[in-house]
Amino acid sequence: MLLINKIRNWQVKKMARMRQVEFTTALIFISAFSCPAFAEHRPPMPRPQKISYGKGMLPLAGLSIRFTSPPSEDDSFAARELAQALEAETGERPPIFEREVAGPAIVLARTGALDPLPMPGETPGPDSREAYHLKVTPTGAEIRSSSSAGVFYGVETLRQLVEGKGKDARVPEVAIDDWPSLAYRGTMVDMSHGPLPTEQEVERQLDFLARWKANQYYFYSEASIELAGYSILNPGGRFSKEEVRRIVAYGRARHIDVVPCLELYGHLHDLFRVERYSSLSDLPHGTEFDPRNPKVAALLDDWIDQLAELFPSRFVHVGFDETFQIELAAKQPGGAGKPAKLFVEQLGHVARRFAQHGKTTMAWGDIIVKYPEILEQLPPGLIAVAWEYDPRPERYRHWLEPLAGHHVPEMIATGVTSWNQIAPDFKRSFENVDTFLAAGRAAGTLGIINTIWTDDAQMLMREIWPGMAYGMVASWETRPVERARFFSDFAALTLPPTAAPEAAAGLDDLARAETTLQSVIGDDTMLALWGDPFAPARLKQDTDHYGDLTQARLEAEDAEEHFFRARSLGASADWLDSLILAARLVDYAGEKFQTPTDLVNLWQKLGPKRPKDDEWWNTWESQVVYQDHSRLVDLMDNITELRGEFQAAWLAQYRPYRLASALGRWDAENEYWRRLQEKMARLSETIHEGDPLPALDSLLR
């Protein structure tokens, strides 16, 4: 109860404090970022809450790194990270000393306890453990914080300030006071719906998120973690316990708490498809536990005990979302109340068991809000996570107001929209983050979980890294992110100066291309990609919007060209190659859905009868069927080439698990065009001048 009261009291105090902090920070932001000096330098992200530039510069050549007191391993790690980053800019690694030495130095000063990770009851603001002060003068620099986390964040900011290369590398004279606007800034990565990342890829994600001051990484697992006693549960698609332990340690070194994000009610078909466990489900081989089955509690206790030991985080997310069977049961005669009662009982059991391990339980908020009787009976101290992935303020209010009205601590969950899209929908994603954060702040939210889902089982996660960065940047800053310049700032901080403008332009073009394509084939462009382009409704839509398909292709080709130029100028970021593939696939989608209209127009030009040989060849056969770069062969060439690139990109970041089934769609796509070409070729062989031409749609079935 002490923890519950602490959270509730903190929320009340926070609301009053937030308004003063927001007003003060708004004045700071205006004065700091409108000054000419800021425009002259590399813009750090997240934007510091207070920043003031001087006129001098600190050369990096000859600098050392030292501490003001004997360093902990956390302090030493921050120093090594800084030394490595400076070596990348200067070509020389600065020495690290544990004592004061002569000469210019970057001084790391931790003034309090380690406090490396976020804990329950955490508070943001200028007095928080994550706050830091960074001062650079022409003779040296100092990063000062009460915690090792704050020192680490100061190091990340200092890395971003470096200008020039080699002997000319330097840092501008500057004074920064910085702190987070939200205490919890997490990214959730889906390990279950689609591909399974390698351990090394998860480490890359953690490294990347650390640059933007993330402090939580939600490891989403339905059945993707090895558990003792469940050897036949998803054996090819899970992380071993040792892999998880190494990932947790890797995040811990970077001040990112790896939090288990589980499903302990629904979304468990991976478990129930195994015959041994099917009887635990509400339906044979179903998706949700049947809480009335006494064997369910025993299994849950076993899972909870194992997972609590595996993840040292003080937080655990237990899922409990989209329990569709509870909704169906509630609609049955006499069903009102009973499903909600079962839901509350299972949630209470899970939360109590985790509490025995010292964990604070979190759960998705959709079912909790949908059934008011659940809100009245939530386990003490539970944090509800309100999720909404479209920028719809009325939906935000729908989720947040009942939680606030019942004084339920809450966090918000935004989404990088790419789970069913060919290319990330950055426009929708950024607007979702900005508007949901605004609504969440007004409701006193504790923090954010920016979610990465992989529903279509085709998504390459590296292409959405800019969206991952945006969520963390926005949740640190107090004012909204300057969306119009985000891509340029992001590229400037992740790529060589000559390549950054090209990559930023490519990101802009790709975002527009995806939006334009959605206007024709629907929001879920990756799902639509595999559809029949000659279906009557599809053909009519694509013919009516042929110009939009053309525009989407032009935007995608512009993006591809910019990305290629960035790569030729030295850009080698992990995310760039995936974005090139996304641009090429958007281009292919436009071409695919243009082609039926092109073929219909060409067929109509032929008239009712097969024309003379030269006209037949020039108007139809060479344009559509011929093996040397005709319409259908172009589509086969493109999809097979993209298939190879997709497979290589998959294996660069994922395990082989589910790759074969993912590639099946690409193979079916090629086979569709091959069979159509074969059918058209047979027609050319059998039809003669003057023969009546069949209806084109009869050739397509």
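What follows draws every value from the coordinates through simple rules; no lab data is involved. Not measured: the values here are computed from a predicted model. Cβ atoms come from the backbone with ideal geometry, glycine included; neighbour counts cover every protein chain shown.
Brief remarks follow.
- Segment 61-127 shape via C-alpha gyration tensor axes, a/c threshold 1.5: prolate
- Residues of segment 600-639 falling in the label zone of D697, defined by backbone nitrogen less than 14 Å from a point 7 Å along Cα to beta-carbon, are 600.
- Sum of side-chain charges, E388 neighbourhood, beta-carbon under 14 Å (Lys, Arg +1; Asp, Glu -1): -4
- Kirkwood Rh, Cα atoms: Rg over Rh of segment 473-579: 1.08
- Along the axis of the charge dipole computed for the chain (Cβ charges of +1 for Lys and Arg, -1 for Asp and Glu, origin at the Cα centre), the listed residues V259, T445, L507 are led at the positive end by T445.
- Estimated from helices alone, the mean residue ellipticity of the chain at 222 nm is -16000 deg cm²/dmol (sum of -39500 (n - 2.57) over DSSP H runs with n ≥ 4, per residue).
- Over segment 133-220: Kirkwood hydrodynamic radius from C-alpha pairwise inverse distances, Å: 15.3
- C-alpha long axis of helix 241-253 to longest principal axis of the chain, angle in °: 60
- Size of charge dipole - the chain - debye, nearest 20, with Cβ of Lys, Arg +1 and Asp, Glu -1, no other charges: 2240
- Modelled spin labels at K338 and E401, positioned 7 Å past Cα toward Cβ, are 3.3 nm from each other.
- Restricting the calculation to Cα atoms, the chain shows an Rg/Rh of 1.02 when the hydrodynamic-style radius is the Kirkwood one.
- Structural descriptor for segment 565-701: relative contact order 32 percent, calculated from alpha carbon pairs under 8 angstrom and at least 6 residues apart.
- Its residues counted as N, segment 283-391 yields a C-alpha radius of gyration over 2.2 N^0.38 Å of 1.09.
- With Cα atoms, 0 to 90° folded angle of helix 500-521 axis to the chain main axis: 50
- Label point distance in nm, D634-D305, each placed 7 Å from Cα along Cα→Cβ: 6.5
- Summed side-chain charge close to I51 - residues other than I51 whose Cβ falls under 10 Å, Lys, Arg +1, Asp, Glu -1: 0
- log₁₀ of I(q)/I(0) at q = 0.18, 0.19 Å⁻¹ - segment 502-699, Debye sum with one point per alpha carbon: -1.25, -1.34
- Helix 294-310 and the longest principal axis of the C-alpha atoms of the chain enclose an angle of approximately 60°.
- Given K295/K341; K592/K612; K370/K427; K338/K359; K50/K213; K167/K213, the pairs whose alpha carbons are separated by over 20 Å: K592/K612; K370/K427; K338/K359; K167/K213
- Here the relative contact order of the chain, from alpha carbon pairs under 8 Å that lie six or more residues apart, stands at 11 percent.
- Contour excess over end-to-end distance, with Cα ends at M57 and Q541 and 0.36 nm allotted per residue: 168.3 nm
- Between segment 270-330 and segment 128-147, the alpha-carbon center distance in angstrom: 47
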